[in-house]
Amino acid sequence: MKTFLRILWPAVIGLSLMITACAGDPGGDGGESPAARPETPAAVPEDNQTRIRDMNTAAQQANHFAMRFYGRVAAEQPGNLFFSPLSIHAALSMTYAGARGETATEMQKVLAFEYAPEEGIEHAAYSQLLTALNEPPVTRLEAIVNDRHEEIERPVYELVIANRLWGQQGFSWDSGYLRLTQTEYHAALAEVDFEGDVESARREINDWIEDTTRNRIRNLIPAGALDALTRLVLTNAIYFKANWAEEFSEHQTRPAPFHLAGGDIVEVPLMHQTEDFAYTEGDGWQALEMPYESGALSMLLMLPADRDGALPDVEAKLASGAMLDALGEMARHKVRVWLPKFSMTQEIDLGATLQSMGITRAFSDRADFSGMVGEEDLTISKALHKAFVEVDEKGTEAAAATAIVVALTAMPGEPEEPKVFRADRPFLFLIRHNASGAILFAGRMTDPR
C-alpha cells in the first residue's frame, strides 16, 4: 500500500513536518518503544570529508530555491505576501534525506543540491548554517544586581531555529535517517502515540511550536490533520526579534498617503528618519538595506523608482536572482527613509507551487522515501505554510512554521543631497543573515492597513 506524506507548512517562524501511515503499516508493532531499522551508510563517508560544503554554500542553495519559489508564489498569491523560504527549504531538505531514486533526483534539482541524499554532504553544510544562525552576537551592558553594578551579556537579537521529530511509538524508522536528522538538523525524536491518543499528540506538538515561537504560531497542526495512521511529525520553528541599528523616533511617525496598486490612496502611519544606509538603484527600482542591532542581520527593501512603476517588474528581477548580485554591492549614502508600520499573518498552500517547480513524483503514488523506512511507501499529499511579521519604530518580529505529514495511500563618497527612499507604494522586503547571505524571510507589502 502507498503512504501519503502530508505537509502542513505554517510559518510564524516555524516549520513542522508530519508523517502519517494507514492500514497495513509496514513498520509498527503497536506498543514497544520506537525501533530503528538497520542503519544506512554513514551520513558523511570518510572519502567525502573533503567535499563537505560550508554554511555559505548551504545559504546559496537555499537562496536559489527562495528566489525560484518567490517567483512562483508571487504570481499565484495576490496582495500582501510573507513567508520563510529557509523554513520551507529546511523542511524539504530533511524530507530529501529520506528520498531515493527519481524522487530524490527531482527534489535535488529544485533544492539546488549537488549530491545524493545518502551522501550527507548537503546535510552537513546545513548543520553549519543552523549552528551559525542559532549563535547571535552578544553585547555587554551594565546592570544593577543585588544593589551592585555588574556587567552582563545579552544577545543583540533573538533568533531561534529549532527542529524536532515526533514519532509513533513502536514504529521502525531507519536508524541512519534518525541519526542524520538529529546530528545535522538537531532534530531529536520524541515518542508520541498517534494510534492511541492522536489529540494529545497534536496538542503536545502544537504546544512545542507555540512555546518556540513565543506564542506567535498557534494551532499549527489543525484538528483532523493527524489521525491514528500518523507515524511521524517533523517540526521546525523559527523565532526572530531584533531592534533596528538606527531606530525610528515615534515622534516622526505621521499619517500619510499610501498609493495602492489599483490607484486608490489610503492613509497609514509612515515612519521617518534620515541616516547613513547602504543604498543602490537600478533600471526602474531602488533598494535600501536597514541593519538590525550589531549589523549581523538586515532588512532589504526594494520598490519601484516611482509611483507609476510596476511592482511585478521588480519582482521579476528579484526572482531571476540578478537583483541579489546588485544588493551585494550597495554603497553607503545619506538616505531619507519613509517606511510604513505594518504587521501581517500569511497562510500558503505549498503543494501546487512545489509541484510546478518540479517536485511531482514526491506527491504521487510513485514516490520513493525508502530512506526513511526502508520501503517505497511514502508520498507527500498536502503542504501548507503560515508566517507572521510585525515592523515598527523599534524593529521587527517575525516567525514561521512548516509541517509535513506522511501517510499510507488512501558603498562610494556621500552625495551632496540625501537619497530618498519613500515606501509609500507597494514594495518588497527580505530579512537576511549577512555572514552567510541566507534569506530568512521574504515578503511583499501592498497594503499596510
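Observations on the structure shown:
- For region 350-371, the count of residues that are among the basic types (K, R), at pLDDT 90 or above, over 28 Å from I217 (Cβ atoms) and not in a helix (DSSP H, G or I) is zero.
- Failed criterion for E246 (all others in (1) assigned to a loop (DSSP other than H, G, I, E, B); (2) at pLDDT below 90; (3) surrounded by fewer than 19 Cβ atoms within 10 Å (Cβ to Cβ) hold): (2)
- Of A256, A261, A228, A223, all but one fail to be in a strand (DSSP E or B) and not hydroxyl-bearing (S, T, Y); the exception is A256.
- Candidate set: region 94-129, residues that are of a type in the set (D, E), surrounded by fewer than 23 Cβ atoms within 10 Å (Cβ to Cβ) and not in a loop (DSSP other than H, G, I, E, B); chosen: the one nearest to the chain's Cα centre (by Cα): E106
- Yes/no for F258 being among the aromatic types (F, W, Y), surrounded by 20 or more Cβ atoms within 10 Å (Cβ to Cβ), within 22 Å of F82 (Cα to Cα) and modelled with pLDDT of 95 or more: yes
- Criterion violated by A296 - all others in (1) more than 25 Å from the chain's Cα centre (by Cα); (2) open to solvent by less than 30 Å² (accessible area, probe 1.4 Å); (3) of a type outside the set (D, E) satisfied: (1)
- Members of region 200-239 found to be at pLDDT 85 or above, among the basic types (K, R) and farther than 28 Å from P155 by Cα, listed by number: R202, R203
- Count of residues meeting criterion [farther than 26 Å from I238 by Cβ, open to solvent by 70 Å² or more (accessible area, probe 1.4 Å) and part of a loop (DSSP other than H, G, I, E, B)] in region 130-173: 2
- In region 174-200, residue nearest to I221 (Cα to Cα) [restricted to those that are buried (at least 16 other Cβ atoms within 10 Å of the Cβ) and among the aliphatic types (A, V, I, L, M)]: V198
The values are calculated or read from the model by the stated rules, or taken from the named source; none is laboratory data. Computed from a prediction, not measured in an experiment: that's the story for all the values here. Using ideal geometry, Cβ is built from the backbone for each residue, glycine included, and neighbour counts are taken over all protein chains shown. Surface accessibility is based on the protein's heavy atoms, side chains included, excluding ligands, DNA and RNA. Shrake-Rupley method; radii C 1.70, N 1.55, O 1.52, S 1.80 Å.
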